[in-house]
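The values are calculated or read from the model by the stated rules, or taken from the named source; none is laboratory data. In this text the structure is predicted, and so the values were computed from the model without any measurement. Positions of Cβ are generated from backbone atoms using ideal geometry, with glycine treated the same way; all protein chains shown enter the neighbour counts. Calculation scope for accessible area: heavy atoms of the full protein, side chains included, ligands and nucleic acids excluded. Shrake-Rupley method; radii C 1.70, N 1.55, O 1.52, S 1.80 Å.
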2 protein chains.
Amino acid sequence: MVPKKEIATHKLTIYDVAREANVGVGTVSRVLNNHPSVTPQTRQRVLDVAARLNYQPHTYAQRLAKRQSETISAIIPFFTNYFFIEILQGVQDRISQLGYDLVLYGVNNLDQVEGYVSRALQRGRVDGILLFSMKLPEKVILRLKETNVPVVLVDTISPYFDSISVANFDGAYAATTHLIELGRLPVGMVNAPLVSTPAVERLQGYKHALETHGVEYSDDLVKTGYSTKQDGFNREAGYEAMVDFIKMGENMPKAFFISSDIQAMGAIAALSENELRVPDDIAIVGFDDIELARHLKLTTMRQPMYQMGILAVDRVVTRMSNTNLEILHTTFSPTLIVRESCGALRNSDGTREPSPRVTPSSEGSLR
Amino acid sequence: MVPKKEIATHKLTIYDVAREANVGVGTVSRVLNNHPSVTPQTRQRVLDVAARLNYQPHTYAQRLAKRQSETISAIIPFFTNYFFIEILQGVQDRISQLGYDLVLYGVNNLDQVEGYVSRALQRGRVDGILLFSMKLPEKVILRLKETNVPVVLVDTISPYFDSISVANFDGAYAATTHLIELGRLPVGMVNAPLVSTPAVERLQGYKHALETHGVEYSDDLVKTGYSTKQDGFNREAGYEAMVDFIKMGENMPKAFFISSDIQAMGAIAALSENELRVPDDIAIVGFDDIELARHLKLTTMRQPMYQMGILAVDRVVTRMSNTNLEILHTTFSPTLIVRESCGALRNSDGTREPSPRVTPSSEGSLR
DNA sequence: CCCAGCTTTGGAAGTGCTTCCAAAAGATGC
DNA sequence: GCATCTTTTGGAAGCACTTCCAAAGCTGGG
């Protein structure tokens, strides 16, 4: 005589389900984990009971027993940054598709990174770590290496870990070339301080474009803002740099490759405050293609951020199950998105956007 | 004779530490949890050993034994939305200050909510849930209620849960009044569809302002866009609504209260495409004060988003330790931030911002 | 009908912690 | 020095699962 208590007293364990379904706990566990060796009838019986009792397995007990966390953590530089947000969308979508949890650490300065990494490294806590554009302290690299947790770097490179990034050099080259070909000379550049890899590479790409096209380079063609937050990839810095350019008066360049869209936004503000019109007086090409760029009708180099997020997750998951893979660096090529700020469209219908932003299909399963 | 093996074989448990320090596991546990009844000497000895072995407790074992997860989950409508991102900053900062984990679920449509809530509700998984501006299906409310997990609603209200929100009515009233007082009549409104509470309340506040100031209301003073994502609080919707207004020609209002900054952005784009200048021809006041608003020099109603995030976390934590608190609804009053788009500053130095954005102190401990 | 060889099942042992209880060690007072 | 309290300590039991092993149940061939 088995008494059927429906009292969902909240303490319901796998034993309760087992008793109620007249099976052993092992069987319940197998059913819940889709283990094949259970007869369909038994499986159904267990499933019914579980549903009736509204049984929910205790996640942490599972994780403890299974010795894996089904959690991936992402450590991102503070997420006021649109670029990261957009990558994060891809990350979050893929992670939840795979049934993992995303735990998020927002970092404001490099010092915090170490703390968060330690945190993430607590045994069993996470199965994998995504690290966004940070130059890691040597110390952190060591710890990461020795614990052997799968790590994927996004928007940086290190010889020790997998990485997903964008071809900064090529992008800068393409952007600059576009401007040169439009005849908007001289072409200047608003860059971020050379503390970050993207800034360095984009500068090189820019210079290379000048060189290739026989345009002379000089140091006053490149300026950087003073505001250093986000490694200098922020609106104020763009504003400041452009103000400096404007001070050059007649000698100021007629076109600019700007190392991020957000800086471009600041730069454009500076221009408009000085009665300089984009693209009529000054042509602009940005970098990133954050959502804002569309709104601003900014010509820019698109980074497939959403895709990068997806890929980062896939990569970390692959490495989880296959521990000694070769280290792999994936590089996306940015593509030029021509909108209005470069002036290329001046004679066409100004609203048209050559290649529309990739939007999710309406099934909504992908996002 | 205790052999000292330094071999960090990754499987190091509390028993290893105990053996090595010549104490019982209970003592090690107490040390690690700052339990008072351990002598300073013993504590130090344990700490030394733990450090030497580089011992990391197993998070999930702790959570299982302690019967709490030290995790708070946030379910947010897809985070392409700047408003949520800014709240999330506060949430994330406070959560990590308190040593909790943040697990993030991004939701794209209401159907997903149920799934994620179930997920979050798995016993022991989270200690509290933050739900961002979603009208919850009755079903979900029930489940949430019966499991008795602390829930805090942000940017919505429900009689069943704590909530943090903003005085939409008052904000809309203030914004509209500001425009009326500037003499920019008639004042129209770009709203979102009345499916969400904020849209409803803001409309009421707007109407009330007209009424109070003896300005007549008519239905063609309010328009809504067609794009429905984000409940209509998106750039395209703002653009569309404004295009409709522009079709009115001469009769179009001379000023607009727009129910979100992001819609204001679209609206301004529509205006500028039609050679209408802001604020010279048309005055605009937005709502939210997302970071973008500053860039756009948009006059707007500021919601203290960062603070709201902080508070939401605090509230959920309080409720965690004190289970049967009264249900509390906290309402912030939005404040008017006068920038250029309303035209109030037309004769002053255009750049000045009356009340600068609250930024973290440089200690950086708060963010 | 019996036995070998599967498949399915039960349940003990293991996962790595916390906590409770009782015992040991120290204080205190007389 | 001893009895009594109070601190401090060790370690068993418990947390809620998974997994492994052995036992039970089937299947079909002889």
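Just to be sure I understand the filter: pairs with C-beta atoms under 9 Å, separated by 6 or more residues or on different chains, first member in the range B:315-336 and under 21 Å from B:GLU146 (Cβ atoms), second member among the aromatic types (Phe, Trp, Tyr) and at pLDDT 90 or above. Which pairs pass?
If the second residue must be among the aromatic types (Phe, Trp, Tyr) and at pLDDT 90 or above, the pairs left are B:ILE327/B:TYR160; B:ILE327/B:PHE161.
In the list B:VAL23, B:VAL28, which residue meets the criterion of being more than 8 Å from DNA strand C (Cβ to nearest atom), on the phi < 0 side of the Ramachandran plot, more than 14 Å from chain A (Cβ to nearest Cβ) and open to solvent by less than 70 Å² (accessible area, probe 1.4 Å)? First the steps, then the outcome.
Values: B:VAL28 fails: more than 8 Å from DNA strand C (Cβ to nearest atom).
So the residue among B:VAL23, B:VAL28 that is more than 8 Å from DNA strand C (Cβ to nearest atom), on the phi < 0 side of the Ramachandran plot, more than 14 Å from chain A (Cβ to nearest Cβ) and open to solvent by less than 70 Å² (accessible area, probe 1.4 Å) is B:VAL23.
Could you please find all residues in the range B:206-229 being modelled with pLDDT of 90 or more, within 17 Å of B:ASP261 (Cα to Cα) and in a helix (DSSP H, G or I)?
Within the range B:206-229, B:TYR206 is the sole residue that qualifies.
State the number of residues belonging to the range B:246-302 that are part of a strand (DSSP E or B) and open to solvent by 20 Å² or more (accessible area, probe 1.4 Å). If you could, list the steps in order and put the result at the bottom.
Going residue by residue through the range B:246-302, those that are part of a strand (DSSP E or B) are B:255-258, B:283-288, B:299-302.
Filter again for open to solvent by 20 Å² or more (accessible area, probe 1.4 Å), leaving B:302.
Residues flagged as part of a strand (DSSP E or B) and open to solvent by 20 Å² or more (accessible area, probe 1.4 Å) within the range B:246-302 amount to 1.
Among the residues in the range B:10-28, are any at pLDDT below 85 and not in a helix (DSSP H, G or I)? Let's see the steps before the verdict.
Our first condition is that a residue be at pLDDT below 85; within the range B:10-28, this holds for B:10-11.
Of the ones still in play, those that are also not in a helix (DSSP H, G or I) are B:10-11.
Checking the range B:10-28: at least one residue is at pLDDT below 85 and not in a helix (DSSP H, G or I).
Only one of these conditions is not met by B:VAL23: (1) within 16 Å of DNA strand D (Cβ to nearest atom); (2) in contact (Cβ under 8 Å) with a residue 60 or more places away in the chain; (3) not acidic (Asp, Glu). Which number is it?
(2)
Looking only at the range B:52-69, decide whether some residue is more than 13 Å from DNA strand C (Cβ to nearest atom), open to solvent by 10 Å² or more (accessible area, probe 1.4 Å), not assigned by TED's automatic domain parsing to the domain that holds B:GLU291 and not polar (S, T, N, Q).
Yes; the residues of the range B:52-69 include at least one that is more than 13 Å from DNA strand C (Cβ to nearest atom), open to solvent by 10 Å² or more (accessible area, probe 1.4 Å), not assigned by TED's automatic domain parsing to the domain that holds B:GLU291 and not polar (S, T, N, Q).
Select from the range B:142-175 the residues that are aliphatic (A, V, I, L, M) and within 13 Å of B:LEU130 (Cα to Cα) and write down the one among them that is most open to solvent (accessible area, probe 1.4 Å). Spell out how you get there, then give the answer.
Initial filter on the range B:142-175 (aliphatic (A, V, I, L, M)): B:142, B:144, B:149, B:151-154, B:157, B:164, B:166-167, B:172, B:174-175.
Right, trim to within 13 Å of B:LEU130 (Cα to Cα) and you get B:144, B:149, B:151-154, B:157, B:164.
Numbers: B:LEU144: 2, B:VAL149: 30, B:VAL151: 4, B:VAL152: 0, B:LEU153: 3, B:VAL154: 0, B:ILE157: 91, B:ILE164: 1 Å².
Restricting to residues being aliphatic (A, V, I, L, M) and within 13 Å of B:LEU130 (Cα to Cα), the top hit is B:ILE157.
Which pairs have Cβ atoms under 8 Å, sit 6 or more apart or on different chains, and link a residue in the range A:284-295 that is within 11 Å of chain B (Cβ to nearest Cβ) to one that is open to solvent by 10 Å² or more (accessible area, probe 1.4 Å) and among the aromatic types (Phe, Trp, Tyr)?
A:ILE290/A:TYR82; A:ILE290/A:PHE83; A:GLU291/A:TYR82; A:LEU292/A:TYR82
Considering only residues that are surrounded by 24 or more Cβ atoms within 10 Å (Cβ to Cβ) and in contact with a Lys or Arg (Cβ under 9 Å, 6 or more places away or on another chain), which ones fall in the range B:303-333?
B:GLY309, B:ALA312, B:VAL313
Does A:ILE76 count as away from DNA strand C (no atom under 16 Å from the Cβ) and of a type in the set (A, V, I, L, M)?
Values: away from DNA strand C (no atom under 16 Å from the Cβ): yes; of a type in the set (A, V, I, L, M): yes.
Yes; evaluated as a whole, the condition is true for this residue.
Of all residues in the range A:133-157, count the ones that are farther than 14 Å from A:ARG315 by Cβ and touching an Asp or Glu at 6+ places or on another chain (Cβ under 7 Å).
Final tally of qualifying residues: 4.
Being open to solvent by less than 30 Å² (accessible area, probe 1.4 Å) and free of Cβ contacts under 8 Å to residues at least 24 places away in the same chain narrows it down to one residue among B:SER196, B:SER227; which is it? So that I can check it myself, show each step before the final result.
On the way: B:SER196 fails: free of Cβ contacts under 8 Å to residues at least 24 places away in the same chain.
Criteria check complete, one pass: B:SER227.
For B:TYR206, state whether it is among the aromatic types (Phe, Trp, Tyr) and open to solvent by 30 Å² or more (accessible area, probe 1.4 Å). Steps first, please.
Numbers: among the aromatic types (Phe, Trp, Tyr): yes; open to solvent by 30 Å² or more (accessible area, probe 1.4 Å): no.
The answer is no for B:TYR206.
Of all the residues that make up the range B:31-51, how many are open to solvent by 30 Å² or more (accessible area, probe 1.4 Å), among the β-branched types (Val, Ile, Thr) and within 40 Å of the chain's Cα centre (by Cα)?
So the count comes out to 0.
Out of A:ARG119, A:ARG125, A:ARG143, I need the residue that is within 21 Å of B:THR59 (Cα to Cα), at the interface with another protein chain (Cβ under 10 Å from one of its Cβ atoms) and part of a loop (DSSP other than H, G, I, E, B). Which one? Explain how you work it out, then say what you get.
On the way: A:ARG119 fails: part of a loop (DSSP other than H, G, I, E, B); A:ARG143 fails: part of a loop (DSSP other than H, G, I, E, B).
Step by step, each of A:ARG119, A:ARG125, A:ARG143 is checked, and only A:ARG125 is within 21 Å of B:THR59 (Cα to Cα), at the interface with another protein chain (Cβ under 10 Å from one of its Cβ atoms) and part of a loop (DSSP other than H, G, I, E, B).
To keep it simple, each residue is scored yes or no on (1) more than 13 Å from chain A (Cβ to nearest Cβ); (2) part of a helix (DSSP H, G or I).
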site	(1), (2)
B:ARG45	yes, yes
B:VAL49	yes, yes
B:ALA61	no, yes
B:PHE84	no, yes
B:ASP93	no, yes
B:LEU102	no, no
B:VAL113	no, yes
